[in-house]
Amino acid sequence: MGMNRLTIYTSFSFLLDSFDLALRQKYKDYHFHIVTFRDHPARLLEQITKEAKVGVPTADLVIAPHWMTLDLQVRGLLRKYDSSEFGAFSKEFYDPKGAWAAMALSPVGLAYNTELVSEEDSPKTIEQVLDDKWRNKLAVHSIIQNIEGRMGLAYLVTLKRIVGEKKWDEFIQRLSALKPKAYECMPEMALRVGMGEKHVGFPATLACISYYLDVQNRPVAFRQPQDIVPLVTFSPSIGLVKNGESPEIAEMAFDFALSEEWQNMIGGFGGKIPARNGIAEEGRIPDGATYFPTYDDVTQHSKYLQILKGRLGE
């Protein structure tokens, strides 16, 4: 067979290396030429949008935080595909119309430094994150800059849907008063909490914290706030991009990402829970979790960005 070129854009470099190897192993008789473009998700989103606009070939596949994959769908940049693997996934975990699917799940909550904050004093709720004792000790993942990512904004937009307007307004007002330090990159925020420069950080995905826990042994703990429904995101999801050069190969790789074989490997990455039914150990996904963001949430992001810019002025 000729050259089978597959172009993947991702912000999950470490995961992509393993995916690349596993895909080649699975299709030994193909000569895959896998081209990758790696950057922060906000930059990947702009890159694909720009390429689509001028009509140059772009990614075949994107492996990205779910807010980014959904934004591509909102912009009409994903294509239809009904994967034979979708049947093994919960309905909220895929969409054939602008084809994307959850590759892995990650609970989202807050992180705190266990050397500086005792278990007793650590925030158990969203409400307690806003306690005055965290003034100048609170880190947030960038809410209004979003040069590298958008989880802070995505989390707050979803929070409004969960707690309602009145509580949300009060939350934003109190958050602003604490003057939290914003970090563009969530792993950096987790690192700063782990190093004790800040005591508490939010929102934090378990996947993001786990590197500092498992690899660097930093004194960081993760918690989901107990006063709201447990929030879980797809970290990452995979999307089939329109106007990629190799649609058939992209579909093969997309199916492989959802396959039992690859989903079994996902559990080996810290803080990532396989999305396919029947693979994750019991109890890893909290009962009654809300998966976010949704397509509708993402359509609201730019509106809320303006509102929050006025109120937080990071």
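Things worth noting here:
- Restricting the first member to segment 13-37 and to residues that are acidic (Asp, Glu), and the second to residues that are surrounded by 13 or more Cβ atoms within 10 Å (Cβ to Cβ), the beta-carbon pairs closer than 7 Å and six or more apart or on different chains are ASP20/ILE34.
- The one condition from (1) among the β-branched types (Val, Ile, Thr); (2) modelled with pLDDT of 95 or more; (3) surrounded by 17 or more Cβ atoms within 10 Å (Cβ to Cβ) that THR49 does not meet is (3).
- Listed here are the helices (runs of 4 or more DSSP H) enclosed by segment 1-117 that have at least 2 residues being of a type in the set (Gly, Ala, Ser): 13-26, 41-54.
- Residues located in segment 193-217, provided they are open to solvent by 10 Å² or more (accessible area, probe 1.4 Å) and within 12 Å of LEU116 (Cβ to Cβ): MET195, GLY196, GLU197, LYS198, HIS199
- With respect to the conditions (1) surrounded by fewer than 24 Cβ atoms within 10 Å (Cβ to Cβ); (2) touching a residue at least 24 places away in the same chain (Cβ under 8 Å), LEU240 falls short on a single one, namely (1).
- Looking only at residues in segment 142-182 that are open to solvent by less than 40 Å² (accessible area, probe 1.4 Å) and touching a strand residue (DSSP E or B) at 6+ places or on another chain (Cβ under 6 Å), the one that is modelled with the lowest pLDDT is SER142.
- Boolean, LEU72 is under 20 Å from ALA257 (Cα atoms) and either in contact (Cβ under 8 Å) with a residue 12 or more places away in the chain or surrounded by fewer than 15 Cβ atoms within 10 Å (Cβ to Cβ) (or both): yes
- Single residue of segment 249-275 satisfying the filter (assigned to a loop (DSSP other than H, G, I, E, B) and over 17 Å from the mean Cα position of the chain (by Cα)) that is surrounded by the most Cβ atoms within 10 Å (Cβ to Cβ): SER259
- Test: residue in segment 224-237 that is surrounded by fewer than 20 Cβ atoms within 10 Å (Cβ to Cβ) and without any contact (Cβ under 8 Å) to a residue 12 or more places away in the chain: no
- Residue in segment 108-119 that is closer than 16 Å to PRO236 by Cβ and in contact (Cβ under 8 Å) with a residue 12 or more places away in the chain present: yes
- Some residue of segment 6-28 being surrounded by fewer than 23 Cβ atoms within 10 Å (Cβ to Cβ) and farther than 28 Å from GLY267 by Cβ: no
- Residue identified as polar (S, T, N, Q), modelled with pLDDT under 90 and more than 27 Å from LEU159 (Cβ to Cβ) among ASN264, ASN277, ASN243: ASN243
- PRO286 being outside any helix (DSSP H, G or I), in contact with a strand residue (DSSP E or B) (Cβ under 9 Å, 6 or more places away or on another chain), open to solvent by 30 Å² or more (accessible area, probe 1.4 Å) and not hydrophobic (A, V, I, L, M, F, W, C): yes
- Residue pairs meeting the criteria (Cβ under 6 Å; at least 6 apart or on separate chains; first under 16 Å from THR299 (Cα atoms), in segment 147-167; second assigned to a loop (DSSP other than H, G, I, E, B)): GLY152/SER142; GLY152/ILE143; LEU153/ILE143; ALA154/PRO293; THR158/PHE292; THR158/PRO293
The values are calculated or read from the model by the stated rules, or taken from the named source; none is laboratory data. Keep in mind that this is a model prediction, so the values were computed, not measured. We place every Cβ from the backbone using ideal geometry, glycine too, and count neighbours over all the protein chains shown. Areas reflect the complete protein model, heavy atoms only, side chains present, ligands, DNA and RNA absent. Shrake-Rupley method; radii C 1.70, N 1.55, O 1.52, S 1.80 Å.
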